[in-house]
Amino acid sequence: QAKTDEQLAKTDAQLAKTDAQLAKTDAKLAKVAKLLGGIGNSQGDVAEEFFYNSLKKKKELAGIHYDYIDKNLKSRDGKLKDEFDIVMINGKDVAVIEVKYKTHRNDIEKLATTKKENFNILFPKYKEFNQHFAIASFSISEELKEEALANHIMVLQRKGNVIETFA
């Protein structure tokens, strides 16, 4: 009995050490996750600034001149809320541009469906405008570029210090 009690006490002590080590590991992992999230956000911010500044200079997209450009346009209607990275407007056209550092398939799907629907709900005054949706990205595969174009989504890519547009 005494030997078993001694063994259980050792096991309890070892479990306490393991729990303490796991808590330290969890804290380190949380710091790493926060750091990686910050890096991802920073890359996104860099891409947004590049495309916004490039488009702001000419206010032109796919041969259409725009009078107004805004970034990070937010709106809410009840429970529905959304943010649009770059929006360009003239008297008859509106361009909604989603900016990604690296484009993934779900980014195109979301822009082709949810973002378009949300924009029309949140900004009904632009329903009658010619609507142009685009994805601006530092990195997009040829396959995803073709998918975007097939969904009538323009693609903006960085080419050196300028933007190349596919429509």
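Along its first, second and third principal axes, ordered by size, the stretch 51-94 spans 36, 23, 14 Å in Cα coordinates. With all projection directions averaged, the alpha carbon convex hull of the stretch 40-167 covers 7.5 nm².
Note on the chain: with a GNM built from Cα contacts shorter than 10 Å, the maximum mean-square fluctuation among 103, 18, 114 falls on 18.
For the stretch 1-107, the pair-distance distribution built from all alpha carbon pairs, in bins 5 Å wide starting at 0, is 2, 10, 12, 13, 11, 10, 7, 5, 5, 5, 4, 4, 4, 3, 2, 2, 1, 0 percent.
Report the Cα centroid-to-centroid distance between the stretch 133-156 and the stretch 81-127 in angstrom, as an integer. Spelled out, the Cα-based centre of one part sits 13 Å from the other. Result for the chain in a Gaussian network model with C-alpha springs under 10 Å: among 89, 97, 64, the largest mean-square fluctuation is at 64.
With the full set of protein chains in place, find how many percent of the accessible area of the chain is carbon and sulfur; take the probe as 1.4 Å. Percent of accessible area from carbon and sulfur atoms in the chain: 52. Remark: relative contact order (the chain) = 17 percent; criterion is Cα-Cα distance under 8 angstrom and separation of 6 or more residues. Heavy-atom accessible surface of the chain, averaged per residue, reaches 65 Å², computed with a 1.4 Å probe.
Here the Gaussian network model covers the chain, with springs between Cα atoms less than 10 Å apart; of 12, 67, 77, 12 fluctuates the most.
Each label point was placed 7 Å from the Cα along the Cα-to-Cβ direction; for residue 10 and residue 120 their separation is 7.2 nm.
The values are calculated or read from the model by the stated rules, or taken from the named source; none is laboratory data. In this text, all values refer to a predicted model and were calculated from it rather than measured experimentally. As a convention, Cβ positions derive from the backbone with ideal geometry for all residues, glycine included, and neighbour counts pool all protein chains shown. Only protein heavy atoms, including side chains, enter the accessible area calculation; ligands, DNA and RNA are left aside. Shrake-Rupley method; radii C 1.70, N 1.55, O 1.52, S 1.80 Å.
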